[in-house]
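Comments concern the structure below.
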Amino acid sequence: ATIALSRAKEQGGRQICFFTDAMGRELIARHRLERDLKQGLIRQEVSLHYQPIVNLQNGQPLGFECLLRWHHSEQGFIRPDIFIPIAESSGLIRDLGNWVIETACRQLAHWRRQGWSLYASVNISTRQIPDGVAPNWLLKVTRDLGLEPAALVLEVTESVFATDLEAVTDWLREVRALGFRIYLDDFGTGYSSLSYLKNFPLDAVKVDRTFVRDMVEQERDRALIRAILAMCQELDLQVVAEGIENAVQRQLLCDLDCAYGQGYLFSRPLPVGEFEAFLKAHAS
Ligand code: C2E
Ligand code: MG
Ligand code: MG
Ligand code: MG
């Protein structure tokens, strides 16, 4: 920031000085959040919320996605869209990500003991692959809790394909060979190439909520979802529709034979106690 400032002075530009000032403030704010998040992990300011993944036909919960929440001591709740990128660029995502996996598995094991037959799905940042999450560590975590590997789903986004493709592929193959499941998250928004669907070891794709949001109004979005469903069926991939907010969207998806879904229509992501209440209310 000092260098930028002196350069701005040389050029005598007022606007440029103002700009670097703002940039400096942003850097400091970001640095603070980074430091606070590190502390927050230790001070237990982070928690998971759980959102059911349901059978679209009957609404029964089959599993749940674990979504990270951070309650900052002074600033209150900070959105994952804000703090996850900070965790990624600072490298903290590894510790944070491992905490998520352990917490999710412990919670799942607890609910299994209570008789709920569910699976847990966690988001894995591209920055955690391949070195941040060792396949053998995953095996140990689940085994110690008496969970079979298939009880754990790892959600990756299409951005994994933009990194070291070979290393990522090896990691995916290894993890999947151990029995863990892989979902491709936010499908349709990233660098997707259809060849990835063919060549990568995947269990399901999660159709991004922007398609679901627009499908009621836009025939084009409906056509896209129809095409994704047909393609996934050919490739033996399951499909989970994200962001279902109303009954019309659900009905359209059911009509297209989409089997699984997630969204506010069924439930928002909930803290532990409220999620348990949701499970009891939906006991079949
Ligand atoms: P995502 O994995 O695609 O998660 C789905 C997001 O959509 C969640 O936002 C969820 O609250 C929201 N959502 C669910 N149903 C609906 C709906 O019906 N309508 C609308 N408008 N939104 C819905 P959230 O919890 O804010 O998380 C945002 C993103 O942050 C996640 O997107 C994921 O990419 C990332 N994230 C969250 N937790 C973790 C984590 O533990 N690790 C990593 N690496 N990323 C995480
Ligand atoms: Mg996800
Ligand atoms: Mg998603
Ligand atoms: Mg997302």
> When you scan segment 199-227, how many residues do you find that are more than 16 Å from ligand 1 (Cβ to nearest atom) and part of a helix (DSSP H, G or I)?
Replying inline: 8
> Among the residues of segment 145-198, which ones are part of a loop (DSSP other than H, G, I, E, B) and either among the hydroxyl-bearing types (S, T, Y) or within 16 Å of ligand 3 (Cβ to nearest atom) (or both)?
Replying inline: T163, G188, T189, G190, Y191, S192, S193
> Which condition breaks for F275 when tested against (1) within 16 Å of ligand 2 (Cβ to nearest atom); (2) aromatic (F, W, Y); (3) touching a helix residue (DSSP H, G or I) at 6+ places or on another chain (Cβ under 9 Å)?
Replying inline: (1)
>> Could you check segment 155-176 and list, in sequence order, the residues that are closer than 22 Å to V100 by Cα, away from ligand 1 (no atom under 12 Å from the Cβ) and aliphatic (A, V, I, L, M)?
In response: V168, L172, V175
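Residue-by-condition table, conditions (1) buried (at least 17 other Cβ atoms within 10 Å of the Cβ); (2) not small (G, A, S):
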position	(1), (2)
R127	yes, yes
K140	no, yes
D144	no, yes
A151	yes, no
E155	yes, yes
E158	yes, yes
L172	yes, yes
S193	no, no
> Are any residues in segment 59-85 without any contact (Cβ under 8 Å) to a residue 40 or more places away in the chain, away from ligand 3 (no atom under 16 Å from the Cβ) and not in a strand (DSSP E or B), and if so, which ones?
Replying inline: S73, E74, Q75
> Taking the stated definitions as given, is V168 of a type in the set (V, I, T) and crowded, with 21+ Cβ neighbours inside 10 Å?
Replying inline: no
> If D221 passes every condition in (1) over 27 Å from V168 (Cβ atoms); (2) touching a Phe, Trp or Tyr at 6+ places or on another chain (Cβ under 6 Å); (3) in contact (Cβ under 8 Å) with a residue 60 or more places away in the chain but one, which one does it miss?
Replying inline: (3)
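Values quoted throughout were computed directly from the atomic coordinates according to the rules given, and no laboratory measurement underlies them. Source: prediction; values computed, not measured. Please note: Cβ atoms are built from the backbone with ideal geometry, for glycine as well, and neighbour counts cover all protein chains shown.
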